[in-house]
Structure formats: C-alpha cells, structure tokens
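Where a number appears in this text, it was derived from the coordinates with a stated rule and is not lab data. This one's a predicted model, so the numbers in the text were calculated from it and none came from an experiment. Cβ atoms come from the backbone with ideal geometry, glycine included; neighbour counts cover every protein chain shown.
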Ligand code: DAH
C-alpha cells in the first residue's frame, strides 16, 4: 500500500510538470484528491487493515495530500504568472521605433509652441515661489476695466477693441459681459482673499476685435504677473524681470525701462531687452535700434490694490503683462503670428512631440 502511495506521488509529480494549462492542473488535482480520487480510494481500502497499518499509511496519505496541494498551488501560480507575462509581451508597444508606429498609421501628439513656452515660464516662476492662477475667458466689465482703474471713456473700452456679449435679458449697463481683452483681469480676482506678501502669475488666452496682420491676432496669449508686499520698489521690479528673462532666454539679458501709460499702474513702463540677435548693434529684428520691446509693467495703482482689498497704507506692488506669442516668435524665429493659430499641422508638428 505504501509503495502504491509513493508511486502515485511520483507519477503525479511527473504528470504535473508536463502540464501547461490551469484546467489540466485542476483535473489532475481532482483525480488525486477528489472525493472519488485515487488517494481516497487507497484510504477507503484501509478499512480492513490493521491498526498499525492504518496509522502509518494514513500518516503517509495525509502527507502526500499536503504535498500535492502545495505543488498544485505552486504550479497554478506559475501558470498564472506565465499568462500575465504573455499578455504583457503581446500587448507591448515599442515606442522607441517611432517610424514603425507611424508606418502603422499611429502618430504621436505634441504640444503647441505656445504651450511649450508657457510651461517653461511657469516652471521658472514656480521655482521663485509664484503661484499660478487661472481666470475666466468670459469676463464682466468690472474685472476687465473698472477694477483696473480704466475709466469709462478710455480707448481700451472702445467697441472696436472688445468683443462684447449682448445679453437679451439684461439691458443694465452694470452687467455687461465680454471676452477678456487682457490677463490683467486676474489681478483683482487674484488679490481677493489673499494677505500680502503674495506673488502670482496668470497665463492665458485674450481676445481683441482687431484687424489681423503679421503681428496682430484676434486671439493671443499673455502671462500676467503680480507681486504685493511691503516697501516694493521699481528696483525690485527691474531685478525680478531681469532675472526671469535671463532664465527664459538662458543667457544674461540687459533690460531698460521707458515710461509707458496703463491706467492700472503708476508709474507705468515699457521694458525692453537688448536685442539677442545682434547684441545691441542693430538688425532687422530690433529695427536697427538695438532694443526689443518685450513687456509692459509698472507699480500697481493704489486704486487697483483697493479693489483687491489691500491696505494701501501698508502695502504696494508691481505687475507686468508678458506677451507670450511674441516670446514664442522670438524663441523659434517665427515671422508671422497667424501661424500660431492657423491650424496647419505642418507648422505645429515641427515642435516637441511626445
Ligand atoms: N494689460 C496690458 C495689455 O494688455 C498689459 C499690461 C501692462 C499688464 C502693464 C500689466 C502692466 O500688468 O503692469 O496691454
């Protein structure tokens, strides 16, 4: 009987090794350990055996049962792993062979150049502790104009510059809606509920009802920036801008300020950088002047700070509005802003793809 059991076990191990399907393994298990399986058969034939025999054979049978169960489990686990590995291998896509992916009709996507530059600039500001804020494209008159100290008769409110929404149900002047003409709308939205010192940027699309040409579009991108704290001065503004622009262009840039008028800053400036193409000697990019106009900025007007709930006796700050499309054009040598929104895939597919 003992020999029978041992044979049974050694047959089982060779059979098990040859199996490659989970169902076959389960059948083999049933064949051995099931109710009418071979081990039960041997055990039931022990009825008439002596007590001694019952003891030794029973112990061996139980050990074999345990061993069989353990080997079956191991085999099932190994087979399952094989199935998973097989699935992983068969579903694997080798993205290192872009050509073969393209040949199979699949194309990888990519970022728009404006997005690439926007992300790069966001990283730089984030590393300097700025927050990145967002705001609505559809704005009210208050945030686009009023809160920014833009008086009713300012040319920026001219109907030809702004896309207004006409709400048929609302004729009140106080509730006019428009497509934001600049990201400065986020100045007051951003300040609300914040305690100085704080600093944030807000990149996004802006809209103007303008005739388009090589340097004007109806939809373009700005990146607004604002820093509010105690005793902020124009030198802080120059230092920040110089540092940030040097990071953006990955080389030391020279900057200069010229006076500029914007109702929401006082004093207001136009910040120029020394032409990176000719180094200041004069070329077609800088129109022979040696300087490229890059961003308007200034010290935030107290009226604007007050709209944001800031105590102007204690705090002040600076703000700037970077033209993102301009920067993209400078960086990639693009000579017409209309390429950016032209929807021509041959144009956009030249940039970084993933
Ligand atoms: N919002 C202005 C524009 O669209 C740009 C601007 C000028 C933003 C001066 C500023 C600033 O924050 O200080 O033309």
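Observations
- FRET efficiency, 1/(1 + (r/R0)^6) with R0 41 Å, evaluated for residue 312 and residue 243 via beta carbons: 0.95
- Helix 113-127 vs. the chain, principal-axis angle (Cα, 0 to 90°, nearest 10): 90 degrees
- Euclidean distance of C-alpha centroids, segment 35-53 and segment 252-267, integer Å: 100 Å
- Highest-first packing order for the peptide set 323-331, 58-66, 222-230 is 222-230, 323-331, 58-66, based on the mean count of other beta carbon atoms within 10 Å.
- This ranking places 306, 180 by how few other beta-carbon atoms lie within 10 Å of each, fewest first, which gives 306, 180.
- Nearest-ten-degree value, helix 51-90 long axis tilted from longest Cα axis of the chain: 30 degrees
- In plain terms, the chain from residue 24 to residue 4 could stretch by 4.9 nm, reckoned as 0.36 nm per residue minus the Cα-Cα distance.
- Scattering from the chain was approximated by placing one identical point on each alpha carbon and applying the Debye formula without solvent; log10 I(q)/I(0) at 0.09 1/Å stands at -0.63.
- Taking every C-alpha pair closer than 8 Å and separated by at least 6 residues, the mean separation divided by the residue count of segment 2-90 gives a relative contact order of 37 percent.
- Relative to the longest principal axis of the Cα atoms of the chain, helix 234-249 runs at roughly 50 degrees.
- Springs join every pair of Cα atoms under 10 Å in this Gaussian network model of the chain, and among 339, 86, 137 the largest mean-square fluctuation is at 86.
- Difference of contour (0.36 nm per residue) and Cα-Cα distance, residue 212 to residue 93: 38.4 nm
- Protection proxy ranking for 186-198, 243-255, using the average of other Cβ atoms within 10 Å per residue and placing the highest first: 186-198, 243-255.
- Each part gets one Cα centre, and for segment 193-210 versus segment 130-162 those centres are 11 Å apart.
- Cα gyration tensor, segment 203-354 - rounded (a/c under 1.5), prolate or oblate: prolate
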